[in-house]
Amino acid sequence: MSVGVSRKENVLTFSINVPEARNALDLPTVADLRKVLADVRDDPDLRLVVMQSGLPGVFSLGMNLEKLDEQQDLGVWESLSAIAGFADLLIDLATMPVPTVSVVDGIAAAGGVELACVCDILIGTNNAAFSIAQLRKGIFPFITSAVLVPRIGHGRFLHWALSGQSYPAKKLLDLGLIHQLCSPDERERSVSLFSERILGFEPATLRAGVAALRMEAEAEIRGRIRHALSLFTLNCLAKRSSP
């Protein structure tokens, strides 16, 4: 199973576990992740969603584009549909009715950065590193920009994307993308303490507050990701057809 799921005291925790691809997500794994979220979206007892990796040293490498590239018979619409599942996963996370937390202890690259940063709260360890070096492979990080530009501005985003640098956790803390930094040994305790705080709040008040925040931002994030998805798909198709 590529997704591990546990629930304790109405906190849902799911772990991405695709060791052969370093947590690069194929279509079945994306579908599994979306189902995990769909199954609890309407649960009134749910209080918090935590996303983490089941692999040491890596969070996620995003969408497994190598597998997609192997399917040379895919046309424009089939390619758009395939990548759309991942974009929909980002929207699912961004629009959950309860707070979402990503926990990064290792490398997050390309779409892995999108997964981590689309959540409400990002807890990172000193081992975390983040890379949006898609341009090296001839792909502009359109979807990454849809998630990050509203948070850090287009100048900081473009400088990062063009530099090809892998940013350490401290840099993302300075940019405001990481909200809590801890040592690897403190990771579980940090998540546990945060979860306990959430569980201490009045459920209806918390949900009402989250709903209000979502209402203001949901249309924008949906629109940005959908627009970026089209550009990203065309970029991938152009790259595939180029000599």
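Close contacts from the stretch 33-56, counting a first residue that is more than 14 Å from ALA94 (Cα to Cα) and a second that is assigned to a helix (DSSP H, G or I), with Cβ to Cβ under 7 Å and a gap of 6+ residues or different chains, come to LEU46/VAL40; ARG47/ILE198; ARG47/LEU199; ARG47/PRO203; LEU55/PRO19. Residues in the stretch 38-59 that are on the phi < 0 side of the Ramachandran plot and not in a loop (DSSP other than H, G, I, E, B): 12 in all.
Quick check on this structure: which one of GLY200, GLY153 is closer than 17 Å to VAL118 by Cα, of a type outside the set (D, E, K, R), modelled with pLDDT of 95 or more and surrounded by fewer than 13 Cβ atoms within 10 Å (Cβ to Cβ)? Break it down into steps so the answer makes sense when it comes.
Details: GLY200 fails: closer than 17 Å to VAL118 by Cα.
The match here is GLY153.
Considering (1) within 28 Å of LEU48 (Cα to Cα); (2) surrounded by fewer than 17 Cβ atoms within 10 Å (Cβ to Cβ); (3) of a type in the set (S, T, N, Q), the lone condition that SER195 does not fulfil carries the number (2). Taken across the stretch 222-240, residues that are farther than 30 Å from ASN10 by Cβ and part of a strand (DSSP E or B) do not occur at all.
For the stretch 157-164, state whether one or more residues are among the aliphatic types (A, V, I, L, M), surrounded by 15 or more Cβ atoms within 10 Å (Cβ to Cβ) and more than 22 Å from LEU37 (Cα to Cα).
Within the stretch 157-164, the first condition is being among the aliphatic types (A, V, I, L, M), and the residues that meet it are 158, 161-162.
Remaining after also requiring surrounded by 15 or more Cβ atoms within 10 Å (Cβ to Cβ): 161.
Those left that are additionally more than 22 Å from LEU37 (Cα to Cα): 161.
Looking through the stretch 157-164, at least one residue is among the aliphatic types (A, V, I, L, M), surrounded by 15 or more Cβ atoms within 10 Å (Cβ to Cβ) and more than 22 Å from LEU37 (Cα to Cα).
Every residue, every condition in (1) of a type in the set (Val, Ile, Thr); (2) free of Cβ contacts under 8 Å to residues at least 12 places away in the same chain; (3) surrounded by 15 or more Cβ atoms within 10 Å (Cβ to Cβ), yes or no:
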{"site": "LEU135", "(1), (2), (3)": "no, no, no"}
{"site": "ILE139", "(1), (2), (3)": "yes, no, yes"}
{"site": "SER145", "(1), (2), (3)": "no, no, yes"}
{"site": "HIS179", "(1), (2), (3)": "no, no, yes"}
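Any idea which residue in the stretch 1-57 is farthest from SER192 (Cα to Cα), counting only those that are in contact with an Asp or Glu (Cβ under 9 Å, 6 or more places away or on another chain) and of a type in the set (Lys, Arg)? Across the stretch 1-57, the extreme among qualifying residues is ARG34. Please work out if VAL191 is assigned to a helix (DSSP H, G or I) and in contact with a helix residue (DSSP H, G or I) (Cβ under 6 Å, 6 or more places away or on another chain). Answer is no for this residue. Output yes when any residue across the stretch 10-29 is loosely packed, with under 13 Cβ neighbours inside 10 Å and among the basic types (Lys, Arg), and no when none is. Within the stretch 10-29 (the criterion being loosely packed, with under 13 Cβ neighbours inside 10 Å and among the basic types (Lys, Arg)), the answer is no, since none of the residues qualifies.
The values are calculated or read from the model by the stated rules, or taken from the named source; none is laboratory data. Not measured: the values here are computed from a predicted model. When we count neighbours, we look across all protein chains shown, and the Cβ atoms used for this are built from the backbone with ideal geometry, even at glycine.
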